[in-house]
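Asker: Please read through the structure below; I'll follow up with questions.
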Amino acid sequence: VDCEIDKLLKLREEVNAASPKEGPGAYKVSVNDFVIKASAVALMQVPTANASWSDDGVKMYKSADISVAVAIPGGLITPILRHADKKRITELSLEMKDLAGRAKAGKLKPEDYTGGSFSVSNLGMFGIKEFSAVINPPQACILAVGAGEERAVVKNGQLTVANVMSCTLSVDHRAVDGAIGAQFLAAFKRLIEQPLAMLV
């Protein structure tokens, strides 16, 4: 799905402008922090997507525990932002920076990356426009996020320019079928394009 992110970029700028300049309360929210929050809220709106597959059948999760892919020497690791649906965007941002820093330093504990109900992989910072991510078993879904870039779009019959980000959902059809995946993407797109909705 292609998401227009102009409103999100404006809100991000306003949120960051409100941060203290320094000290323990300072923060700098990224686009990926909004992606994580939107994913978590969308999972609450489409709970059948918040699932995994096991030999005993489909397991449904009550909270959105988002695994976020982080590149480390020798591969990837997916530290988890637990209960991401209940946390403020600034909390998620600070927690993600801490987890990513500890991941790159090799200081994560097993409980930091074991479990999770849904994964996000963002290659936008590497200039990748779109891609399909490999599912992180036993989870049933992973969202691949590409770079936000200016693209020509048609609005009300007029050609204009908007910042657009392409996102691709991979699903394990044993637990989450294509219709549920489409519902999740529709909810995610609404939240990304109207970002205030994920903050209330």
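Asker: Give a residue-ordered list of calculated ³J(HN,Hα) values for the stretch 20-30 (Karplus: 6.51 cos²θ - 1.76 cosθ + 1.60, θ = phi - 60°; whole Hz; x for Gly, Pro).
Answerer: Result, ordered by residue: x, 5, 7, x, x, x, 6, 8, 9, 6, 9 Hz.
Asker: Assign unit charges at the C-beta atoms only (+1 for Lys and Arg, -1 for Asp and Glu), then state the dipole size of the stretch 40-162 relative to its Cα centre in Debye, rounded to the nearest 20.
Answerer: Computed about the Cα centre, the dipole is about 260 debye.
Asker: Using the Karplus curve 6.51 cos²θ - 1.76 cosθ + 1.60 with θ = phi - 60°, what ³J(HN,Hα) values do you get for each residue of the stretch 32-45, in whole Hz, with x for Gly and Pro?
Answerer: Values per residue, Gly and Pro as x: 4, 4, 5, 4, 4, 4, 5, 4, 5, 5, 4, 5, 6, 7 Hz.
Asker: Name the residues whose placed amide hydrogens come within less than 5 Å of the amide hydrogen of Ile128, ignoring near sequence neighbours (fewer than 5 apart) on the same chain.
Answerer: Amide H to amide H, under 5 Å and 5 or more residues apart or across chains, Ile128 pairs with Ala147.
Asker: Using 27 Å as the Cα-Cα cut-off, could you pick out the over-long pairs in Lys10/Lys97; Lys86/Lys155; Lys107/Lys189; Lys37/Lys59; Lys10/Lys37; Lys10/Lys59?
Answerer: Over 27 Å Cα-Cα: Lys86/Lys155; Lys107/Lys189; Lys10/Lys59.
Asker: Round to a whole angstrom and tell me the spacing of the C-alpha centers of the stretch 139-157 and the stretch 36-85.
Answerer: Result: 20 Å between the Cα centres.
Asker: Which cross-chain or sequence-distant (5 or more) residues have an amide H under 5 Å from the amide H of Val164, H modelled 1.01 Å from N in plane?
Answerer: Close amide H contacts, sequence-distant or interchain: Ile5, Glu149, Glu150, Arg151.
Asker: Under the rule of -39500 (n - 2.57) per DSSP H run of 4 or more residues, summed and divided by the residues of the chain, what mean residue ellipticity at 222 nm is obtained, to the nearest 500 deg cm²/dmol?
Answerer: -10000 deg cm²/dmol
FYI, it's all coordinate maths here, none of it is from the lab. Everything quoted here is computed from the prediction, not taken from an experiment. Positions of Cβ are backbone-derived with ideal geometry, glycine not excepted, and every protein chain shown enters the neighbour counts.
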